[in-house]
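The values are calculated or read from the model by the stated rules, or taken from the named source; none is laboratory data. On a predicted model such as this, the values are computed, not experimentally measured, just so you know. Cβ sites come from the backbone with ideal geometry, for glycine too, and all protein chains shown count toward neighbours. In case anyone asks, the SASA skips ligands and DNA or RNA and just uses the protein heavy atoms, side chains included. Shrake-Rupley method; radii C 1.70, N 1.55, O 1.52, S 1.80 Å.
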Amino acid sequence: MAALTVFLSLLSCFLPELAFGVTRHYTFNIGYQNVTRLCHTVNLLTVNRQLPGPPVVAREGDRVLIKVINHVAENVTIHWHGVRQIRTGWADGPAYVTQCPIQTGQAYTYNFSLNGQRGTLLWHGHISWLRATVHGAIIILPRRNESYPFEKPHREVPIILGEWFNVRPESVIQQALQTGAAPNVSDAYTINGLPGPLYNCSSSNDTFKLKVKPGKTYLLRLINAALNDELFFTIANHSLTVVEADAVYVKPFQTDVILLTPGQTSNVLLKTNPNFTNGSFLMAARPYFTGQGTFDNSTTVGILQYGDPPTTQTPATQLPNLPAINDTNFVANFSRKFRSLANAKFPANVPQTVDRKFFFTVGLGTAPCPKNVTCQGPNGTKFAASVNNVSFALPKTAILQAYFSRRTNGVYRTNFPAKPVFPFNYTGVPLNNTFVSNSTSVVVLPFNASVEVVLQGTSILGAESHPLHLHGYNFFIVGEGFGNFDMNKDPANFNLVDPVERNTAGVPSGGWLAFRFFADNPGEGTTCLSPSKMFHF
């Protein structure tokens, strides 16, 4: 028996993937590349000359080392959207918050492990609008010899929804920041970097095609890599079964339409029709929008292709049915279908009691126009997004660096308000005073504290859905609703049994969302909030 024990110990050392996972190595070269879509050639930032960028593929428990080499004039960082980053906060990517940017001609190796997660996530650039073209999939497979808690698919296919601009995306956001107006909208949406045939001057090669076999099950790894737009996705004459959200398995449910906020991911099963041997069907994506500003009101399509059709076959032309652009009821009903598995193997460890509670109003306001400058926001101001009327001011020193070096004075303050300083009717008649304050303020949490956050949408400059992403953490969505949150009544209806666990969620338009989590990741907790379809923070 002793000899057998020694043998098994030695075997685990020589077969690390079976025991502890392996180390995966990647190299990302950030460079300029001319890309042509819609008869426009644009010099874009890409990774390894790919658009979208290369996928990062690993198994749960693996360590990942990604060397990023910056060959361009802009500073660069990469955010591994949704990765827990336990004790590796400096590998998370937000410039001046968890790391210093990678400067021109420099390189940085991101080093982190993938623990307790399996499914699909997203990586993207995290300075300004670099993520418009600097993005790709993170595919986390189950540990070796472990299986999916659903039918094994015949094939797995990443589908990344994005945007195309006929100019460099960086010039769009730079113009908006200078003028204070809303950024110009994209010229097209894309599926895996291709806009599809519905746009003017889109070539036949600019359409994503997925070839399938009849009677098979395909796992589609859906990712919304659009800058700020929430997107519907569907496939004509086919239903989808949702099995995972943000790299966490969920109770499976069927739907004809998927909604993804920016940064959200979801694995869905597509069962092809066993009676279709030839034929094509359109897959389509278009925005969900409830605000008052302008947006890209267009549709991108790809083709689901059975077999090899003859060249004379008429291509698919019938668009699949999608909800109305502003269908808040569909969105609310869809989001409530998500439930954690909440079983022995995949428990839902939602906090049952709460140490710290926060009530954050989120929305769009204004900032004064600088002297001798003409601004194009409301009444000659600049648009500004805020939480509890505070708009984040980017520091010159990385916040995590300042904390660890104990030189926080002048870098950030710890006085971020836990609730609105001046309560008002958040979803009622808009306020006359729309100005926001500016500061680099943070909330400091004790290690392992249980936290509850209620995000309350506002109608100051119009009610909108507000996507939120919490860096380095998953959170449990315990409740959501329309109107103003009622702290005396709404908590009684919280789901503390099997709430969905996500890293990104949408605050309902003209409503609220409540989530809970444990503060168990020292150095992490950056919040990225898109309080409107115009800005991402």
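Annotations for the structure displayed:
- Separation of alpha-carbon centers, segment 337-405 and segment 190-248, rounded to whole Å: 30
- Percent of Cα-Cα distances greater than 21 Å, calculated over segment 366-450: 48
- Measuring nothing but protein heavy atoms, the accessible surface of segment 356-536 at 1.4 Å probe radius is 53 percent carbon and sulfur.
- Value in Å of the Kirkwood radius, where segment 356-536 supplies the Cα pairs that are averaged: 17.3
- Peptides 295-302, 106-113, 88-95, ordered by how many other C-beta atoms sit within 10 Å of their residues on average, highest first, read 88-95, 295-302, 106-113.
- FRET efficiency, Ala344 to Asn379 (Cβ-Cβ, R0 45 Å, nearest 0.05): 0.20
- Taking every alpha-carbon pair within segment 270-419, the share separated by more than 18 Å comes to 81 percent.
- Once the C-beta distance of Ile325 and Thr27 is scaled by a Förster radius of 25 Å, the resulting FRET efficiency is 0.05 to the nearest 0.05.
- Diffusion coefficient (Stokes-Einstein, Kirkwood radius over C-alpha pairs, 10 °C, 1.306 mPa s) for segment 23-141: 110 µm²/s, rounded to a whole number.
- Relative contact order (percent, whole number), the chain, Cα cutoff 8 Å, 6+ residue spacing: 13
- Once the 1.4 Å probe is applied to the protein heavy atoms, segment 23-141 comes out at 34 Å² accessible per residue.
- Cα-based reach from Lys419 at 30 Å (exclusive), listing lysines while leaving out same-chain residues under 8 positions away: Lys337, Lys357, Lys382, Lys396, Lys489, Lys533
- Gyration tensor verdict on segment 155-337 (Cα atoms; rounded if a/c is under 1.5, prolate if a/b is larger than b/c, oblate otherwise): oblate
- In plain terms, the C-alpha convex hull of the chain casts an average shadow of 28.0 nm² when viewed from every direction.
- For Leu269, the shell of other residues with beta-carbons less than 12 Å away shows a net charge of +2, using +1 for Lys and Arg and -1 for Asp and Glu.
- Computed from the C-beta positions of Phe482 and Ser128, the FRET efficiency with R₀ = 25 Å rounds to 0.15.
- Of all aspartates and glutamates in the structure, those lying under 15 Å Cα to Cα from Lys211, and not within fewer than 8 positions of it along the same chain, are Glu156, Asp308.
- Only one residue of Asn275, Leu161, Phe422 has its Cα farthest out toward the positive end of the dipole of the chain, where Lys and Arg carry +1 and Asp and Glu -1 on Cβ, and that residue is Leu161.
- Mean Cα-pair separation over length for segment 23-141, i.e. relative contact order, pairs under 8 Å, 6 or more apart, %: 31
- Taking Cβ atoms as reference points and 10 Å as the exclusive limit, the residues near Phe358 contribute a net charge of +2, counting Lys and Arg as +1 and Asp and Glu as -1.
- Restricting attention to the chain, close to 75% of DSSP beta bridges with both partner residues there are antiparallel.
- When segment 23-141 is described by a simple charge dipole with +1 on each Lys and Arg Cβ and -1 on each Asp and Glu Cβ, the residue from Ile138, Gln50, Gly89 located farthest towards its positive end is Ile138.
- Counting charges near Gly472 (Lys, Arg +1; Asp, Glu -1) among other residues having Cβ under 9 Å from its Cβ returns a value of -1.
- Among 478-489, 41-52, the peptide with the highest mean count of other Cβ atoms within 10 Å heads the list, and the full ranking is 41-52, 478-489.
- 3J(HN,Hα) along segment 205-220, derived from phi through the Karplus expression 6.51 cos²θ - 1.76 cosθ + 1.60 where θ = phi - 60°, amounts to 7, 9, 10, 6, 10, 10, 8, 10, 10, x, x, 10, 10, 10, 9, 9 Hz, with x in place of Gly and Pro.
- Volume of the convex hull of segment 139-210 (Cα atoms only), normalised per residue: 171 Å³.
- By the helix-only formula, in which each DSSP H run with n ≥ 4 contributes -39500 (n - 2.57) and the sum is divided by residues, the chain has a 222 nm mean residue ellipticity of -2000 deg cm²/dmol.
- Inter-label distance for Asp256 and Gln106, nm, one decimal - labels placed 7 Å from Cα along Cα-to-Cβ: 5.3
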